[in-house]
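So the structure is just underneath, and the comments pick up after that.
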Amino acid sequence: MDATKGYGLRNVSSHCSISEMDDEDLSRLLDKPRLNIERQRSFDERSFSELSIGLLRGGLDNYESTYSPGGRSGFDTPASSTRNSFEPHPMVAEAWEALRRSLVHFRGHPVGTIAAYDHASEEVLNYDQVFVRDFVPSALAFLMNGEPDIVKNFLLKTLQLQGWEKRIDRFKLGEGAMPASFKVLHDPVRKSDTIIADFGESAIGRVAPVDSGFWWIILLRAYTKSTGDLSLAETEECQKGMRLILALCLSEGFDTFPTLLCADGCSMIDRRMGIYGYPIEIQALFFMALRCALSLLKHDAEGKEFHERIVKRLHALSYHMRSYFWLDFQQLNDIYRYKTEEYSHTAVNKFNVIPDSIPVWVFDFMPTRGGYFIGNVSPARMDFRWFALGNCVAILSSLATPEQSMAIMDLIESRWEELVGEMPIKICYPAIESHEWRIVTGCDPKNTGWSYHNGGTWPVLLWLLTAACIKTGRPQIARRAIDLAETRLLKDSWPEYYDGKLGRYIGKQARKYQTWSIAGYLVAKMMLEDPSHLGMISLEEDKQMKPVIKRSSSWTC
């Protein structure tokens with residue numbers, strides 16, 4: 001089959017090995033040369049049903065030690081044809097062609113992908129730039145397709161940008177801050193390329209991205225896991241870059257919580273949406289980045305100091321999140337019966353949440369089986385909204401215990417119409433409307449009810465949902481979601497987001513040919529075809545960080 005040549009896919013071998021290397025081994029091997037990992041029994045040789053059963057029987061740890069060499073295109077491999085009796089969906093070839101059109105080159109080398117390739121749109125704004133968070137699914141697609149050089153170039157280029165002096169008006173940002181995005185300017189006369197980076201000084205709302213540094217560390221580990229190449233992570237430049245990011249987010253101050261205090265607009269939800277404080281997305285990414293850094297930092301003098309700080313923070317953060325952010329039927333009933341104005345260490349209602357502040361919708365939304373990490377917890381306030389990215393990352397990073405991970409998947413299945421509907425998947429649920437919308441969003445016309453960040457549907461989240469499904473041994477949920485996406489995405493020209501309670505309508509201001517919608521679909525397809533790819537983006541549970549938490553009825557019934 002010559003389709004790979006026609007669509008620019010690399011002709012790569014279908015071998016896929018399993019390494020015995022876990023994260024502790026990884027950090028010990030940082031001073032050794034590139035690994036040559038022998039082929040062992042691959043996931044290709046196991047049936048998908050056998051894989052799922054293995055996961056349910058405690059196989060959650062298997063993916064953490066998986067070496068995923070990116071030797072699979074997901075389009076034309078012998079293993080694919082033997083395991084599946086159907087031809088690849090025609091969308092796959094179209095998606096690869098669209099993804100390659102979005103590539104950005106700097107001095108002849110690809111360094112990332114632009115946010116959208118929508119020439120029909122009159123306003124370009126910053127959609128012609130390379131965003132750190134947007135590039136992650138593109139990077140994973142290239143890694144899975146055996147093209148790591150693009151990812152390596154991106155990691156090094158953004159690392160250079162981190163070293164720039166960052167000023168907004170007359171205020172200097174922290175040294176470790178990573179850019180939200182960058183743009184490559186080509187001068188055809190001088191035949192030169194220059195880069196302009198945005199650290200928040202040009203962003204709508206002038207908010208610096210908290211998540212960029214976390215995604216950078218997570219992607220560095222994904223690159224290392226995919227290639228088996230430790231030489232990039234062990235360079236002094238990468239080690240320093242990680243330390244700068246960590247120094248910025250591990251700094252001590254007046255906060256009494258181990259969570260990270262953040263402003264509205266600092267994450268994927270990059271406009272005012274009432275997530276100020278301790279949003280679940282940032283806490284889950286923070287947790288995952290800390291665990292990735294723990295595996296990548298050298299055990300030299302500087303690295304050892306950060307190792308100790310990371311371990312302490314991880315213990316406190318995991319306990320805090322699993323205890324206070326977790327909501328299921330029993331926990332909701334407990335909060336409903338809270339007493340207020342409690343004082344001292346014996347207080348049950350530690351944050352003085354007024355039970356009357358619980359929104360009416362959550363009582364009907366909460367199934368008997370199932371649960372999720374709520375959006376935010378801060379003094380006198382709990383944001384009960386569901387946020388997809390935070391919950392999926394909580395599963396992948398093992399911030400969620402195995403029981404909590406299964407409960408999240410139970411919730412998704414139980415509330416499929418609300419969270420998925422006709423297109424996967426809601427960025428948050430439910431939307432805020434009417435008077436509350438005016439107050440919380442500042443009358444943001446883009447974030448009206450069930451649109452954009454306010455309850456809109458984002459196809460890019462398909463890859464995160466698929467990864468979470470595979471890790472929890474529930475691939476049938478991912479298959480159902482992918483089947484839904486394949487009915488519309490290509491026909492609708494890969495929109496940025498969809499509107500409406502069921503996600504039926506292309507977003508009113510959505511860009512077409514949105515790159516991360518394209519890449520998210522490809523990553524989901526490739527992971528479902530070859531689950532060993534999950535190893536580059538999943539972390540096994542650390543048994544030492546598991547706190548003793550009273551299990552509610554939703555975990556045991």
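The values are calculated or read from the model by the stated rules, or taken from the named source; none is laboratory data. Please read these numbers as outputs of a predicted model, since none were measured by experiment. Positions of Cβ are backbone-derived with ideal geometry, glycine not excepted, and every protein chain shown enters the neighbour counts. Accessible surface is based on the protein model in full, side chains and every heavy atom, while ligands, DNA and RNA are left aside. Shrake-Rupley method; radii C 1.70, N 1.55, O 1.52, S 1.80 Å.
The table below lists the values:
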read-out: Highest average packing first - 322-328, 488-494, Cβ atoms within 10 Å; value: 322-328, 488-494
read-out: Violating pairs (Cα-Cα greater than 25 angstrom) within the set LYS225/LYS525; LYS225/LYS298; LYS152/LYS525; LYS183/LYS512; LYS152/LYS312; value: LYS152/LYS312
read-out: Full-extension gain in nm, LYS339 to SER323, via 0.36 nm per residue minus C-alpha separation; value: 4.0 nm
read-out: Separation of the CYS443 and ALA380 label points, Cα + 7 Å toward Cβ, nm; value: 2.7
read-out: Residues of type lysines that LYS339 reaches as a straight line, Cα spacing below 21 Å, ignoring anything fewer than 8 places off in the same chain; value: LYS350, LYS550
read-out: Chain lengthening between ARG479 and GLU123 when straightened (0.36 nm per residue, less Cα-Cα); value: 124.6 nm
read-out: Average Cα contact separation per residue, segment 171-287, under 8 Å, 6 or more apart, as relative contact order %; value: 26
read-out: Whether segment 352-418 is rounded, prolate or oblate, judged on the alpha carbon gyration tensor where a/c under 1.5 counts as rounded; value: oblate
read-out: Principal axis dimensions, segment 99-536 - Cα atoms, whole angstrom, descending; value: 70, 55, 46
read-out: Solvent-accessible area per residue, Å², over segment 99-536 with all protein chains present [probe radius 1.4 Å]; value: 37
